[in-house]
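Here, each number is a calculation from the coordinates, and none is a lab measurement. Note that the structure is a prediction, hence the values are computed from the model and not measured. Note that each Cβ is placed from the backbone with ideal geometry, even for glycine, and that neighbours are counted across all protein chains shown.
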Amino acid sequence: MLEGMATKSNPRKDLNQSAFSILQQATGEVEKAAIDPKKKAAQESGRRGGLIGGAVRASKLTPEQRSEIARKAANKRWSTKKQSSGDFDDSPTPQKRRGVLRPPLG
């Protein structure tokens, strides 16, 4: 493995392994691993910067700019793809994912 490359501290577990781990932590058999102080400081610093950044950006924008940004966001959020007028349903159904096209019911 390369030097400095991050490793997963908790590889994926199946449901039973996760339940057992939670049970051990709850009963005190195993304590949670302590977070590295440098990592903790970096997390806190990043959060503080992120909390400040949005407010500073908003204060520098004019009301018209904020309105335009909000309008674009709302349009993107509420826009939907118009369904084609074909005989087949364009929604991602399990049949379509398998390559089987069936006409819509009803």
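To the nearest whole percent, what portion of all C-alpha pairs in the range 35-82 is separated by more than 13 angstrom? Looking at the range 35-82, the distances longer than 13 Å represent 70 percent of pairs. Take the Cα of residue 31, step 7 Å toward its Cβ, do the same at residue 78, and the gap between the two points is 5.4 nm.
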